[in-house]
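The values are calculated or read from the model by the stated rules, or taken from the named source; none is laboratory data. Given the structure is predicted, the values throughout are model-derived calculations rather than measurements. Here the Cβ positions follow ideal geometry from the backbone for every residue, glycine too, while neighbour counts run over all protein chains shown.
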């Protein structure tokens, strides 16, 4: 039987594809509201039925929007949440019904997932599961709303007065992070690579321009030449892959390689909802990259365009060995620690939707 998206899922896919919904935070927020609606409105009787619904819609989102991993990340997180809430409610029932088993702690039931998953039957109806899930989803929504602020608070720990910072393009997280640093530190110099052909770095420069900071906008070709003067590189990312690598804006690999040559630390701002348990299997895979319009690279009616094939990729892959530190709403982590964060956020059975 062919899987069909719900009306809300189809609308979200349409909005993202036509450009009505832009930005990882907005897409994540809308995805969370979508699954909250599914949990609240769908007629499911037990946890197993709900997990099948969430997995089906998550798979449809992944198939339609392979580059927007945040939609599937929310589905994976909700699947783990369903398991945890079901097991907690089951443990409470067992404690009440069987006083002889009072010594069996709730902590043991929750932490020993490898043993419990085999014996727990998710097809049993569980009273109070819907309400518990909705309450927990409200906590996740609050976490999303405060994630940017929690990242910005850490700016004072990583940026000091009179430093030279280099960034690329325009990231919402980087913009707020640097604004916080500008308020707290003196005599900062911020170098912004324009990130051609869209040149979104100009938007970031206009947003940061104030009287107490020096803003320098450079073309992408000058990144290596300027890197020797830089103290830190701070960039955003579209998603963090399972090995600690990045799917980031095109040009990020150039920045990271130049920073590696001059031993400049590369700090990546990445909220936890961007952490995805997927790998780059091949540079040729369609699910990893997107090709943008080449009109900004070379005019379509020019003579050269008749004899050339022009590609304008949207993303770069940055391997983990070029990244020094991730800063998330949960603190700073090395790329080698990503595997641990994955186990905290998602259940291993949900890595593949």
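Would you be able to say whether some residue in the stretch 142-161 is closer than 30 Å to residue 93 by Cα, in contact with a helix residue (DSSP H, G or I) (Cβ under 9 Å, 6 or more places away or on another chain), outside any loop (DSSP other than H, G, I, E, B) and not assigned by TED's automatic domain parsing to the domain that holds residue 345? Within the stretch 142-161, one or more residues are closer than 30 Å to residue 93 by Cα, in contact with a helix residue (DSSP H, G or I) (Cβ under 9 Å, 6 or more places away or on another chain), outside any loop (DSSP other than H, G, I, E, B) and not assigned by TED's automatic domain parsing to the domain that holds residue 345. Among the conditions (1) assigned to a loop (DSSP other than H, G, I, E, B); (2) under 32 Å from the mean Cα position of the chain (by Cα); (3) at pLDDT below 80, the only one that residue 104 does not satisfy is (2).
Of all residues in the stretch 169-189, how many are in contact with a helix residue (DSSP H, G or I) (Cβ under 7 Å, 6 or more places away or on another chain) and over 22 Å from residue 25 (Cβ atoms)? Here the count works out to 2. What number of residues within the stretch 130-186 are within 30 Å of residue 42 (Cα to Cα), without any contact (Cβ under 8 Å) to a residue 24 or more places away in the chain and either surrounded by 14 or more Cβ atoms within 10 Å (Cβ to Cβ) or over 22 Å from the mean Cα position of the chain (by Cα) (or both)? Total satisfying the criteria: 2. Cβ-Cβ contacts under 9 Å between residues 6 or more apart (or on different chains), taken from a first residue in the stretch 206-223 that is outside the structural domain of residue 171 (by TED's automatic domain parsing) to a second residue that is surrounded by 11 or more Cβ atoms within 10 Å (Cβ to Cβ) and in a loop (DSSP other than H, G, I, E, B), are absent. Inspect all residues belonging to the stretch 192-213 and state whether any of them is outside any loop (DSSP other than H, G, I, E, B), more than 25 Å from the chain's Cα centre (by Cα) and at pLDDT below 95. Yes, the conditions are met somewhere in the stretch 192-213.
The rows are residues; the columns are (1) surrounded by 14 or more Cβ atoms within 10 Å (Cβ to Cβ); (2) out of contact with any helix residue (DSSP H, G or I) (no Cβ under 6 Å at 6 or more places or on another chain).
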site	(1), (2)
245	yes, no
248	yes, yes
256	yes, no
260	yes, no
269	yes, no
280	yes, yes
325	yes, yes
352	no, yes
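If you check 43, 20 for being surrounded by fewer than 19 Cβ atoms within 10 Å (Cβ to Cβ), within 26 Å of residue 237 (Cβ to Cβ) and modelled with pLDDT under 85, only one passes: 20.
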